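For reference, the structure is listed below as structure tokens.
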Amino acid sequence: MSEFSIQTEIEVLELLVDGSPCHVMEITNAVDGHPITIDQACAHLHSEDCIVPRGRGLYEITDAGEQRLKTQYES
């Protein structure tokens, strides 16, 4: 995997479930991450169809992202 972790992906998806769409800087501040790390995590989640860009740095969670959060990331 890249510079980001599974935990970062979980935090991004959880944030987007609660308040989609969200700007990448809001995500960065909320998960206390580095902007490049969050951007990489968002790019990876987008490539996995878990989130979609809505322009101007906004991301929104998809049904696939919600499903991943419920199934793959459950403790």
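Of note:
- When region 7-26 is filtered for residues that are β-branched (Val, Ile, Thr) and within 12 Å of CYS42 (Cα to Cα), the ones remaining, listed by number, are THR8, ILE10, VAL12, VAL24.
- Filter result for GLY65 (in contact (Cβ under 8 Å) with a residue 40 or more places away in the chain, buried (at least 19 other Cβ atoms within 10 Å of the Cβ) and under 16 Å from GLN7 (Cβ atoms)): yes
- When region 4-54 is limited to residues that are outside any loop (DSSP other than H, G, I, E, B) and of a type in the set (Asp, Glu), the one that is surrounded by the fewest Cβ atoms within 10 Å (Cβ to Cβ) turns out to be ASP18.
- Residue in region 57-64 that is in a helix (DSSP H, G or I), touching a Leu at 6+ places or on another chain (Cβ under 9 Å) and of a type in the set (Val, Ile, Thr) present: no
- Failed item in (1) loosely packed, with under 13 Cβ neighbours inside 10 Å; (2) within 12 Å of the chain's Cα centre (by Cα), with LYS70 passing the rest: (2)
Every read-out reported here was derived from the displayed coordinates using simple, explicitly stated rules and does not represent laboratory data. If you're wondering where the values come from, they're calculated on a predicted model, not measured in any experiment. A quick note on method: Cβ atoms are made from the backbone with ideal geometry, for glycine too, and the neighbour counts reach across all protein chains shown.
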